[in-house]
Amino acid sequence: MTIINKIALLIAIIGTLNWGLVGLFSFDLVAFIAGGATTVLARIIYVLVAIAGIWCVSMLFRPNDELAEHHA
């Protein structure tokens, strides 16, 4: 798995954990850290999570050998 795939997966996991917090406890960690859900920083984080999620969806449709690490 390439580094960009790992970064995208990590960001997507962080985003899902944030949504879990919102669903379970009505607590938005991103908004808490960024000073509100409508701040520029929060919006940037939300967009990065969305891009990472889209990237991860694209990984579903790639051949397995393309996602596997190749060690020579």
In segment 15-28, residues that are in a helix (DSSP H, G or I), more than 30 Å from D65 (Cα to Cα) and among the polar types (S, T, N, Q) total 1
With at pLDDT 95 or above, in a helix (DSSP H, G or I) and surrounded by fewer than 16 Cβ atoms within 10 Å (Cβ to Cβ) as the only criterion, which of A12, A42, A50, A31 stands out?
A50
Which pairs do you get when a residue that is in contact (Cβ under 8 Å) with a residue 60 or more places away in the chain and under 9 Å from I11 (Cα atoms), found in segment 41-55, comes within reach of a residue that is part of a helix (DSSP H, G or I) and polar (S, T, N, Q), reach meaning Cβ atoms under 9 angstrom, with the pair 6+ apart or on two chains?
none
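The values are calculated or read from the model by the stated rules, or taken from the named source; none is laboratory data. Note that the structure is predicted; figures quoted are calculated from it, not measured. Heads up, the Cβs are rebuilt from the backbone with ideal geometry, glycines too, and the neighbour counts pull from every protein chain shown.
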